[in-house]
Amino acid sequence: MKKKIILSALLGATTSLMALGAEYSYLYKDARIMGMGGANVAVGGYSSSVFSNPAGLVSIKKESGYVVDILGIGASASAGFLDFSNDISDANTDAEMTEVLQNYAGEHFHAGVNNYTAVSKNGDAFAWSVGLLSAADINFQAHPNGSTNGGLLAITSRVYGGVVLGGAKEIQTNAGKVDIGVGLKYISQQSVEGSLGISELVNSDDVLQTLQDKYQKTSSGFGVDLGVVYHPFAKSSLHPAFGLSVLNIGAIGMDDNFGKQPTTVNLGASISPEVAFLEKFVVAVDYVDMLNANTIRIYDYSGNGDTVSYSDYSDNDFMKRLRLGMGIGLIDSTWFSAQVNLGLYQSAYTAGLDMEIAVIKLNISTYEEQIGTGSVDIPDRRYMAQIGIGW
């Protein structure tokens with residue numbers, strides 16, 4: 001608690017410190033799950049459930065046979081990202097760039113693209129999934145008074161991908177059904193974290209190339225995921241479930257680079273009551289990162305060198321780890337299905353719409369990421385869209 005108070009005071013007292021890297025770790029955010037507040041530890045049902053709890057693969061419908069998701073291309077961006085990037089691009093002089101940074105001082109902007117192609121099946125013996133992940137994201141924060149040349153743009157970015165394997169099995173016991181799962185990931189990434197001064201922003205023909213030349217780091221490694229989902233009351237009309245997952249055992253070898261994946265312990269609970277006129281109704285709650293493994297990275301941009309200085313601080317913010325979600329399935333037929341999702345993620349609302357038209361899948365959602373310490377947070381409202389081919 002003392003660290004948190006000191007950190008808040010530091011952020012308020014100087015403009016050379018910024019919590020640009022304070023977003024909680026992730027490898028893949030599924031628009032379907034984010035519409036439900038990111039709550040999936042005790043729900044499952046998707047190939048992408050391996051990123052929250054591999055035991056959730058058992059919830060894939062057996063009658064679906066092989067579940068194939070091809071070219072599931074997704075994109076996300078902060079509200080105002082296009083305006084910000086256009087203003088940066090249009091600034092041709094130091095004075096114009098300084099004005100842009102001043103206009104957007106302290107705001108956080110994010111953009112990302114991803115593709116998760118997977119084949120999964122819930123068979124009689126066990127459920128399994130094989131997936132290929134490729135993704136890239138970039139984060140900006142304007143900082144007009146942080147260096148001797150009049151300002152800078154703080155940037156973190158990464159390009160990463162790899163193979164994701166998952167397996168799960170249901171076990172019937174006298175006390176209820178238990179689903180157990182294990183996942184294995186190999187991820188390779190290139191990341192940058194640093195800043196560019198006004199002159200570099202104005203005079204550089206390729207800003208991203210300049211960043212790579214100054215700051216790029218490469219890392220890769222394996223991570224193991226373990227999970228369990230317990231269904232205690234088979235005859236209950238509420239169909240309750242309780243989940244536990246331990247993700248990224250081994251931390252995937254990202255060292256201290258931007259995009260590192262700490263080992264996290266996550267809890268979840270859900271109910272799925274049968275509701276007349278609805279194909280599906282599920283309510284879920286998760287509490288992620290129980291042991292506070294995620295840290296807040298505070299950067300010091302007071303210097304002008306080609307290296308970046310930062311400190312990682314522990315964080316025990318309860319609301320940033322709490323996730324609530326509700327999924328309302330409206331229709332589920334051979335050629336068309338639709339589900340509305342609502343939720344609460346890091347104290348802000350989420351919403352989404354999932355549709356399948358023949359073999360075309362379309363998912364859209366919005367959520368808000370809190371960038372900062374909890375006491376000093378910067379809200380970053382984001383919008384996601386995914387389209388792919390699947391059956």
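The values are calculated or read from the model by the stated rules, or taken from the named source; none is laboratory data. Quick caveat: nothing in here was measured; it's all calculated off a predicted structure. Here the Cβ is made from the backbone with ideal geometry for all residues, glycine too, and neighbour counts use every protein chain on show. Keep in mind that these areas ignore ligands, DNA and RNA; they rest on the heavy atoms of the full protein, side chains included. Shrake-Rupley method; radii C 1.70, N 1.55, O 1.52, S 1.80 Å.
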Looking only at segment 100-122, how many residues end up being over 15 Å from Leu184 (Cα atoms), assigned to a strand (DSSP E or B) and among the small types (Gly, Ala, Ser)?
3
Checking Gly44 against (1) part of a loop (DSSP other than H, G, I, E, B); (2) touching a Lys or Arg at 6+ places or on another chain (Cβ under 8 Å); (3) open to solvent by less than 20 Å² (accessible area, probe 1.4 Å), the condition it does not meet:
(2)
Suppose we keep only residues that are open to solvent by 50 Å² or more (accessible area, probe 1.4 Å) and closer than 22 Å to Lys61 by Cα within segment 299-339. Which one would you say is modelled with the lowest pLDDT?
Thr334
When you go through Gln346, Gln339 one by one, which is the residue that is touching a strand residue (DSSP E or B) at 6+ places or on another chain (Cβ under 6 Å), under 21 Å from Tyr287 (Cβ atoms) and touching a residue at least 12 places away in the same chain (Cβ under 8 Å)?
Gln346
Anything in segment 207-221 that is part of a helix (DSSP H, G or I) and open to solvent by 30 Å² or more (accessible area, probe 1.4 Å)? List them, or say none.
Val207, Leu208, Gln209, Thr210, Gln212, Asp213, Lys214
Tell me which of these Val182 doesn't satisfy, since it passes every other one: (1) open to solvent by 50 Å² or more (accessible area, probe 1.4 Å); (2) of a type in the set (A, V, I, L, M, F, W, C); (3) modelled with pLDDT under 75.
(3)
Inspect all residues belonging to segment 188-204 and state whether any of them is closer than 24 Å to Leu244 by Cβ, among the acidic types (Asp, Glu) and either in contact with a helix residue (DSSP H, G or I) (Cβ under 9 Å, 6 or more places away or on another chain) or surrounded by fewer than 18 Cβ atoms within 10 Å (Cβ to Cβ) (or both).
no
Applying the selection to segment 341-391, what residues are closer than 24 Å to Ile331 by Cα, open to solvent by 10 Å² or more (accessible area, probe 1.4 Å) and β-branched (Val, Ile, Thr)?
Ile357, Val359, Ile360, Ile364, Thr366, Ile387, Ile389
Checking Ala22 against (1) of a type in the set (A, V, I, L, M, F, W, C); (2) open to solvent by less than 10 Å² (accessible area, probe 1.4 Å); (3) at pLDDT 95 or above, the condition it does not meet
(3)
Identify the single condition in (1) at negative phi; (2) part of a helix (DSSP H, G or I) that Gly329 does not satisfy, given that it satisfies every other one.
(2)
Take the conditions within 24 Å of Asn114 (Cα to Cα), touching a residue at least 24 places away in the same chain (Cβ under 8 Å) and either open to solvent by 60 Å² or more (accessible area, probe 1.4 Å) or under 23 Å from the mean Cα position of the chain (by Cα) (or both) and apply them to Gly250. Does it pass?
yes
Inside segment 123-156, the number of residues satisfying the requirement of being at pLDDT below 90, touching a strand residue (DSSP E or B) at 6+ places or on another chain (Cβ under 9 Å) and assigned to a loop (DSSP other than H, G, I, E, B) is 8
Taking segment 102-136 as the search range and keeping residues that are without any contact (Cβ under 8 Å) to a residue 60 or more places away in the chain, more than 28 Å from Gly65 (Cα to Cα) and not polar (S, T, N, Q), which one is most open to solvent (accessible area, probe 1.4 Å)?
Val113
Can you find a residue in segment 87-101 that is within 30 Å of Val229 (Cβ to Cβ), open to solvent by 20 Å² or more (accessible area, probe 1.4 Å) and over 23 Å from the mean Cα position of the chain (by Cα)?
no
In segment 259-288, residues that are open to solvent by less than 30 Å² (accessible area, probe 1.4 Å) and in contact (Cβ under 8 Å) with a residue 60 or more places away in the chain total 12
